[in-house]
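Input: a single structure, listed below in structure tokens.
The values are calculated or read from the model by the stated rules, or taken from the named source; none is laboratory data. Quantities reported herein were computed from a predicted structural model and do not represent experimental measurements. FYI the Cβ positions are ideal-geometry reconstructions off the backbone, even for glycines, and counts take in every protein chain you see. Remember, those area values only see protein heavy atoms, side chains included, never the ligands or the DNA or RNA. Shrake-Rupley method; radii C 1.70, N 1.55, O 1.52, S 1.80 Å.
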Amino acid sequence: MGDFFTIKERKRMKKTVLAGIGLVSLLMLGACGSNDSASDDNMKHVGVLQLVQHASLDSAYDGFKEGLAEGGYKEGDNLKIDYQNAQNNQDNLKSMSDKLIKEKPDLLLGIATPAAQSLLNATTDIPIAVTAVTDLKEAKLVKSAKKPGGNVTGTTDMVPIDKQIDLLLSIVPDAKTIGIMYNAGEANSKIQADLAEKALKKAGVAVKVKTANTTNDVQQVTESLANETDGIYVPTDNTFASAASVVGEVVKEKKIPLVAGSTDQVKDGGLATVGIDYEALGKQTGKMAAKILDGDAEPATMPVESADNLELVVNKDMATALGIDPDSIKETK
């Protein structure tokens with residue numbers, strides 16, 4: 001048989017049980033709250049905005065994380081990264097910048113000039129590190145390379161244009177005409193293309209310049225230029241880097257040597273370059289960012305850095321396909 005309780009006793013028991021549940025809940029919430037606070041105190045938050053996906057920029061991002069790890073910030077331990085890729089869409093750049101800033105990160109990373117500019121347009125308070133940007137001053141990201149003066153600093157991917165042109169001319173010493181192709185909408189690419197044209201004219205070589213607005217135009221532009229020139233130069237251009245394999249197939253078929261601005265572009269379809277390892281450049285940037293997160297440096301007084309090392313890279317498969325001895329390609333003095 002069951003037990004019998006008065007209505008008054010039942011109400012008293014119900015209140016006691018509910019009070020006990022409430023006390024346990026409060027204790028659990030308090031414990032969780034204190035754990036979250038401890039975690040938040042130790043966790044740094046970095047927002048990343050990358051212009052577009054291709055080998056060079058992807059390598060820069062990978063290197064950035066390596067540099068942060070060497071500086072004491074490892075993702076998942078004491079570092080949270082919110083990564084956004086705009087896929088070369090201006091609307092995405094703005095909306096993603098706004099999203100990253102709303103999360104109030106400790107630091108932002110802009111990969112490539114348009115991404116860096118978009119972040120700066122969204123905030124002048126949060127520290128911003130940038131990489132894969134050719135000229136930070138020209139892009140109005142800093143007042144000067146030595147004294148940035150604002151909330152932006154980072155690394156430049158300005159390549160040794162003269163050395164790259166000398167390398168191309170050493171591969172095709174009898175060249176009468178050299179082609180240059182890039183996206184005129186990319187300010188960094190235009191700076192490099194103009195320097196390359198100047199170097200070629202100084203060497204007494206005729207120049208043909210063609211531009212592509214999107215990756216859809218790359219094949220046609222490459223084919224056209226390959227039919228009219230003895231060699232081709234491509235700067236560190238995001239549009240052509242995104243279609244590097246397409247460029248590679250064309251120049252291989254046309255038997256035209258191509259010197260590219262970055263080592264990744266060479267691996268994906270060029271012949272050779274004296275250029276930047278973007279993973280190493282990103283790593284440099286990551287180490288700079290770690291100092292900012294530590295509180296040991298501020299962007300305003302942290303000088304912009306150039307690549308620590310340049311390297312000669314030769315695509316041996318491409319050289320063989322063009323009938324060129326890979327060992328004959330040497331860095332010029």
Inset, instruction - Please label the shape of the range 132-243 as rounded, prolate or oblate, based on the square roots a ≥ b ≥ c of the eigenvalues of the alpha-carbon gyration tensor (a/c under 1.5 means rounded; beyond that, a/b larger than b/c means prolate, else oblate). - result: oblate
Inset, instruction - Identify the trypsin sites (Lys or Arg not before Pro) of the range 280-330 meeting these criteria: DSSP loop state and at most 13 other C-beta atoms within 10 Å of the C-beta. - result: Lys330
Inset, instruction - Show Thr320, Thr239, Thr332 ordered by accessible area, largest first, where the area counts protein heavy atoms only and the probe is 1.4 Å. - result: Thr320, Thr332, Thr239
Legend entry - Difference of contour (0.36 nm per residue) and Cα-Cα distance, Asp296 to Ala206: 27.3 nm
Inset, instruction - Using the Cα centre as the reference, give the magnitude of the dipole from point charges on the C-beta atoms of the chain (Lys, Arg: +1; Asp, Glu: -1; all else neutral), rounded to the nearest 20 debye. - result: 1220
Inset, instruction - Determine the alpha carbon to alpha carbon distance for each of Lys210/Lys252; Lys198/Lys330; Lys163/Lys291; Lys255/Lys330; Lys198/Lys287 and list only those over 26 Å. - result: Lys163/Lys291; Lys198/Lys287
Inset, instruction - Take the solvent-accessible surface of the protein heavy atoms, probe 1.4 Å, and return the percent of it on the range 193-256 that carbon and sulfur atoms account for. - result: 41
Inset, instruction - Calculate, for the chain, the solvent-accessible area per residue in square angstrom, rolling a 1.4 angstrom probe over the heavy atoms of the protein chains. - result: 50
Inset, instruction - Give the carbon-plus-sulfur fraction of the accessible surface of the range 77-160 in %, rounded to a whole number; probe 1.4 Å, heavy atoms of protein chains only. - result: 47
Legend entry - Candidate lysines for bridging to Lys137, where Cα separation is under 18 Å - those fewer than 8 sequence places away on the same chain excluded: Lys146, Lys147, Lys190
Legend entry - Those aspartates and glutamates that a straight Cα-Cα span of less than 20 Å connects to Lys254, excepting residues fewer than 8 apart in one chain: Asp174, Asp217, Glu223, Glu228, Asp230, Asp268, Asp317, Asp325
